[in-house]
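Take a look at the structure set out below.
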């Protein structure tokens, strides 16, 4: 009978087995939440606790800032993994983009208290790194869920998700998230600065542009770098 590895308990073994199975079947490590669901651990912080112990014992490596960034070095029996232990390096790398809230693609609407400020680490969007702009700093990206249809001609529909780059500057013609600070409202529009005012242009021929006479109330919160379409059930 093989001797139980020092310091490893039943849950450690269950996590290692799940890591090995997932890598064999999918070619990618599981997420923290998937590990918790498989091992009946409801708290992600407890999953992290076990993963930290496995890393300290030399069974795994963890790559910070990379979604699914777990590298399996040894299985539960202590055998070195060579064939797929570093699958995360060879597979499509993904990044976790925080989903910060909602943005209205229509008439500007008041900002709920959670929007643009609150991030639940368990709420995010996994995106293939190859889809994002080259050399873009991942910590400068965030995602918003779109409500409304003012940008439908830009292929952005109600329920879609836009990935934004944090910036407070915009060039004419860029699609940006705008905060109107005099009324605490947000909207997603094309930005134009012209003739001393700001024009917020929808991409919907049935809607009129929004003209802001005082540019000082217009604050750019970010510009769109990627649109994630939500497939219709119909």
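Only one of 56, 77 is at pLDDT 90 or above and surrounded by fewer than 17 Cβ atoms within 10 Å (Cβ to Cβ). Can you tell me which? First the steps, then the outcome.
Working: 77 fails: at pLDDT 90 or above.
Result: 56 is the single residue among 56, 77 that is at pLDDT 90 or above and surrounded by fewer than 17 Cβ atoms within 10 Å (Cβ to Cβ).
Please work out if residue 200 is modelled with pLDDT under 95, crowded, with 18+ Cβ neighbours inside 10 Å and in contact with a strand residue (DSSP E or B) (Cβ under 8 Å, 6 or more places away or on another chain).
Numbers: modelled with pLDDT under 95: no; crowded, with 18+ Cβ neighbours inside 10 Å: yes; in contact with a strand residue (DSSP E or B) (Cβ under 8 Å, 6 or more places away or on another chain): yes.
The answer is no for residue 200.
Can you find, within region 109-129, the residue that is surrounded by the most Cβ atoms within 10 Å (Cβ to Cβ) among those that are outside any loop (DSSP other than H, G, I, E, B) and at pLDDT below 65? Outline the logic, then answer.
Step one: list which residues in region 109-129 are outside any loop (DSSP other than H, G, I, E, B), which gives 109-110, 124-129.
Narrowing the set further to residues that are at pLDDT below 65 leaves 109-110.
Values: 109: 16, 110: 11.
Looking at the filtered set, the residue picked out is 109.
Got a sec? Which of 85, 65, 106 is modelled with pLDDT under 85, farther than 23 Å from residue 21 by Cα, more than 20 Å from the chain's Cα centre (by Cα) and assigned to a loop (DSSP other than H, G, I, E, B)?
Working: 85 fails: farther than 23 Å from residue 21 by Cα; 65 fails: more than 20 Å from the chain's Cα centre (by Cα).
On inspection, the qualifying residue turns out to be 106.
Just the residues that are surrounded by fewer than 19 Cβ atoms within 10 Å (Cβ to Cβ) and modelled with pLDDT under 95, please, taken from region 181-193.
Hits for region 181-193 are 181, 182, 183, 184, 185.
Do we find that residue 164 is surrounded by fewer than 14 Cβ atoms within 10 Å (Cβ to Cβ) and within 25 Å of residue 94 (Cβ to Cβ) in this structure? Even if it seems obvious, please write down each step before you answer.
Details: surrounded by fewer than 14 Cβ atoms within 10 Å (Cβ to Cβ): no; within 25 Å of residue 94 (Cβ to Cβ): yes.
No, not satisfied.
Mind listing whichever residues of region 173-187 are free of Cβ contacts under 8 Å to residues at least 60 places away in the same chain and within 26 Å of residue 158 (Cβ to Cβ)?
We begin by selecting, within region 173-187, every residue free of Cβ contacts under 8 Å to residues at least 60 places away in the same chain; these are 173-176, 181-182.
Matches in region 173-187: 173, 174, 175, 176, 181.
Yes/no matrix, rows are residues, columns are (1) in contact (Cβ under 8 Å) with a residue 12 or more places away in the chain; (2) more than 15 Å from residue 102 (Cα to Cα):
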position	(1), (2)
126	yes, yes
137	no, yes
189	yes, no
204	yes, yes
208	no, yes
218	yes, yes
222	yes, no
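Restricting the search to region 13-31, which residues are farther than 15 Å from residue 41 by Cα, part of a loop (DSSP other than H, G, I, E, B) and modelled with pLDDT of 80 or more?
Passing the criteria: only 29.
The values are calculated or read from the model by the stated rules, or taken from the named source; none is laboratory data. Note that this is a predicted model, so its numbers are computed, not measured. As a convention, Cβ positions derive from the backbone with ideal geometry for all residues, glycine included, and neighbour counts pool all protein chains shown.
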